[in-house]
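**Q** The structure is given below, and queries will be raised subsequently.
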Amino acid sequence: MVEINDRARRQLAERLDDVLGTEEADLLLAHLPPVGWADVATKHDLDLHLAVVEQRFTSLEQRMARLESRMDQFSAQMADLQRQVGAFSRQLVVTVVAAVLGTIPAVYTASHFAG
């Protein structure tokens with residue numbers, strides 16, 4: 001099999017020009033691939049690559065769906081934690097206020113008997 005390279009293409013072009021004429025030779029050469037036939041992708045090659053790309057997109061979509069689900073779970077956990085912190089904060093405020101109010105009579109009584 002003859003190697004397709006620039007030299008071989010030029011020789012073919014010159015021979016075709018001699019036999020067919022310039023216009024016909026150019027027309028015929030325009031239908032040849034710019035590389036060797038082994039480097040030309042077939043429809044089957046493209047279909048195989050398309051299947052691989054589609055598989056990767058499907059896998060990516062599945063991973064994104066799992067990630068979205070995990071983010072939803074995390075968001076729900078954060079909302080629950082926020083509710084718990086709010087409830088604890090309110091309980092803490094009530095406890096501190098009650099403790100302060102509970103010490104007022106004792107301080108008053110102690111200051112009244114001391115003086």
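**Q** Kindly indicate whether any position in segment 24-46 is free of Cβ contacts under 8 Å to residues at least 60 places away in the same chain, outside the structural domain of residue 6 (by TED's automatic domain parsing), more than 22 Å from residue 6 (Cβ to Cβ) and surrounded by 10 or more Cβ atoms within 10 Å (Cβ to Cβ).
**A** There is at least one residue in segment 24-46 that is free of Cβ contacts under 8 Å to residues at least 60 places away in the same chain, outside the structural domain of residue 6 (by TED's automatic domain parsing), more than 22 Å from residue 6 (Cβ to Cβ) and surrounded by 10 or more Cβ atoms within 10 Å (Cβ to Cβ).
Listed here are the residues, each with its yes/no results for (1) in a helix (DSSP H, G or I); (2) of a type outside the set (Val, Ile, Thr).
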| residue | (1), (2) |
| --- | --- |
| 4 | no, no |
| 10 | yes, yes |
| 19 | yes, no |
| 33 | no, yes |
| 38 | yes, yes |
| 46 | yes, yes |
| 51 | yes, yes |
| 59 | yes, yes |
| 76 | yes, yes |
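**Q** In segment 88-99, is there at least one residue being in a helix (DSSP H, G or I) and exposed (fewer than 10 other Cβ atoms within 10 Å of the Cβ)?
**A** Yes; the residues of segment 88-99 include at least one that is in a helix (DSSP H, G or I) and exposed (fewer than 10 other Cβ atoms within 10 Å of the Cβ).
**Q** Regarding residue 19, is this residue in the same structural domain as residue 3 (by TED's automatic domain parsing) and in contact (Cβ under 8 Å) with a residue 24 or more places away in the chain?
**A** no
The values are calculated or read from the model by the stated rules, or taken from the named source; none is laboratory data. Treat the numbers as computed from the prediction; the structure is a model and nothing was measured. Cβ atoms come from the backbone with ideal geometry, glycine included; neighbour counts cover every protein chain shown.
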